[in-house]
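To start, the structure under review is shown below, and the notes come after it.
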Amino acid sequence: MTTNQGTNQRVISGMRPTGRLHLGHYHGVLKNWIELQHNYECFFFVADWHALTTHYEEPGDLQQYVTEMVIDWLAAGVSPGSATLFVQSRVPEHAELHLLLSMITPLGWLERVPTWKDQQEQLREKDLATYGFLGYPVLQSADVLAYRAGMVPVGEDQVSHLEVTRELARRFNHLYGREPGFAEKAEQAVDKMGKKAAKRYRDLRKRFQEHGEDEALEVARAMLESQQNLSLKDRDRLFGYLEGGGKIILPEPHPKLTPTAKMPGLDGRKMSKSYGNTISLRSEPQEVESQIRTMPTDPARVRRTDPGTPEKCPVWELHQVYTGEEERGELYEGCTTAGIGCLDCKKPLIASIQEELAPIQERAREYASDPGLVRSIMVEGSEAAREEARETLEEVRRAMGLDYLR
Ligand code: TRP
Ligand code: SF4
């Protein structure tokens, strides 16, 4: 019923505070955020409550982890001038929405989420048979739905959580989107668009409802997106009316998969803190050099005179990220004919990574020396985010019949 994208130009994404970030975060997430922030209305937040779902025993580390991570965001180029940066726990509306959504969340939906079982097995030393951890996807849904965001940039591993979010939005709208006199109110809203637009809307609606023309639905939605003279409420009604259902209170978000391939780490596996194969964004030039110098190479290339097979070498994987095609061709030739040694091959890589990190580290030093600035970015961002979430919660409460003491 409710596949509309609502305020679909809005993007939200969160990251659990894991402390300092590495090149995997930079290439896999941050570069994408930095691009999105220029084209969409973006909200990026620190998911500190989510961190507690698995690390509830060590809350003391949170503050440091949050600060270090946010400094890395800023240093990488995520900009408080272009996006709203905030901290989840400073916006209590997330918790309220989590509670309300929990009322309509069937247990089976949560038990089916693959990460629930997988993480319990992977983090055996922790007791993750908790209510909070089972509800992880409900909290994540609240994060997204509180902003009525249309797009959520995430990695493959988060798709199952987003699926819960979409199902919850649908269920919520189905249960609570049926206001009395919906059709009359929708018709009045149609008229508010003006004669021409109203006729066009009715036309498109009919084409979709009577002839199932998906294209008509798309066009009508685009038309609603660009309508200036409609209140948010009327617009949501008209989105719902298009498909015949009730009012859409919580639009379904769409996952936006990060386009970059997975970033290889120092051992050829995906770069990840848990593999201990990362290069930190704060890795000093000498450290980068020694990390690359000590990287394993093609194990069959024992002596300098042995030709190598780049496909079997983790260094080669990193060249895919950092080195242009032409130079890569030369290195390939050099390796397979034993024309170059592994150190010759590593040198340009060391230089590229150092060059990439230099400006990031310079900005990180500036932010690190001004904790007050970082703090105020977070506080102000959280207040701005809260304004948005507050509006959604007002509607949610009203829809659920919880506005009687107002
Ligand atoms: N679960 C996400 C992760 O581990 C973090 C997250 C929390 C998130 N809330 C979110 C991501 C909302 C996108 C939208 O990466
Ligand atoms: Fe790997 Fe380069 Fe050595 Fe070949 S020359 S084995 S690609 S490091």
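The values are calculated or read from the model by the stated rules, or taken from the named source; none is laboratory data. It should be emphasised that the depicted structure is a prediction, and the values quoted were computed from it without experimental measurement. Counting neighbours? That spans all protein chains shown, and the Cβs are built from the backbone with ideal geometry, glycine included. Calculation scope for accessible area: heavy atoms of the full protein, side chains included, ligands and nucleic acids excluded. Shrake-Rupley method; radii C 1.70, N 1.55, O 1.52, S 1.80 Å.
Under 8 Å for C-alpha pairs, at least 6 residues apart: give me the relative contact order for the chain, rounded to a whole percent.
Values: 584 pairs, mean separation 97.8, N = 406.
Reported as a whole number, the value is 24 percent.
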In whole percent, what relative contact order does the stretch 182-243 give with Cα contacts below 8 Å and a gap of six or more residues? 44 percent
Quick one: accessible area per residue over the stretch 153-265, 1.4 Å probe, rounded to a whole number of Å²? 50 Å²
Once both label points are put 7 Å beyond Cα along the C-beta direction, the LYS312-GLN9 separation in nm becomes 5.4 nm
1/(1 + (r/R0)^6) with r = Cβ-Cβ of GLU125 and ARG328, R0 = 56 Å, i.e. FRET efficiency to nearest 0.05, evaluates to 0.85
Nitroxide proxy distance, nm - points 7 Å out along Cα→Cβ at SER272 and SER231: 4.9 nm
Can you give me the relative contact order of the stretch 256-356 as a percent, contacts being Cα pairs under 8 Å and 6 or more apart? 26 percent
Of all DSSP beta bridges in the chain, what percent run antiparallel (nearest 5)? 10 percent
Efficiency of FRET between LEU62 and GLU210 - r from beta-carbon atoms, R0 60 angstrom, step 0.05: 0.60
Paramagnetic reach from LEU99 in the stretch 134-175 [backbone N under 19 Å; point 7 Å along Cα→Cβ]: 134-147
Surface share of carbon and sulfur [accessible, 1.4 angstrom probe, percent] for the chain: 50 percent
Taking a 1.4 Å probe, which of LEU99, LEU168 shows the most accessible area, and what order do the others take after it? LEU99, LEU168
Tally Lys/Arg at +1 and Asp/Glu at -1 over every other residue whose Cβ is under 11 Å from the Cβ of VAL144; what's the total? +1
Highest GNM mean-square fluctuation among GLU326, GLU96, GLU68, for the chain with Cα springs under 10 Å, belongs to GLU326
In the full protein assembly as shown, how much of CYS342 is accessible to a 1.4 Å probe, in Å² to the nearest 10? 40 Å²
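Please go through the stretch 4-61 and write out the GluC sites (Glu not before Pro) that DSSP classes as loop and that have at most 12 other C-beta atoms within 10 Å.
Numbers: sites: GLU35, GLU41, GLU57; in loops: GLU57.
Listed in order of number, the matching sites are GLU57.
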Cut-off 10 angstrom, C-alpha nodes, Gaussian network model of the chain. Which of MET103, MET263, MET15 fluctuates the most? MET103
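Distance cut-off 26 Å, Cα to Cα: go down the list LYS31/LYS117; LYS192/LYS256; LYS262/LYS312; LYS206/LYS256 and report the pairs above it.
LYS31/LYS117; LYS192/LYS256; LYS206/LYS256, as the Cα separations exceed 26 Å there.
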Could you pull the accessible area for PHE208 with a 1.4 Å probe, rounded to 10 Å²? 40 Å²
Once the Cα atoms of helix 214-225 and of the chain are each reduced to a long axis, what angle between those two axes, in degrees from 0 to 90 to the nearest 10, is obtained? 90 degrees
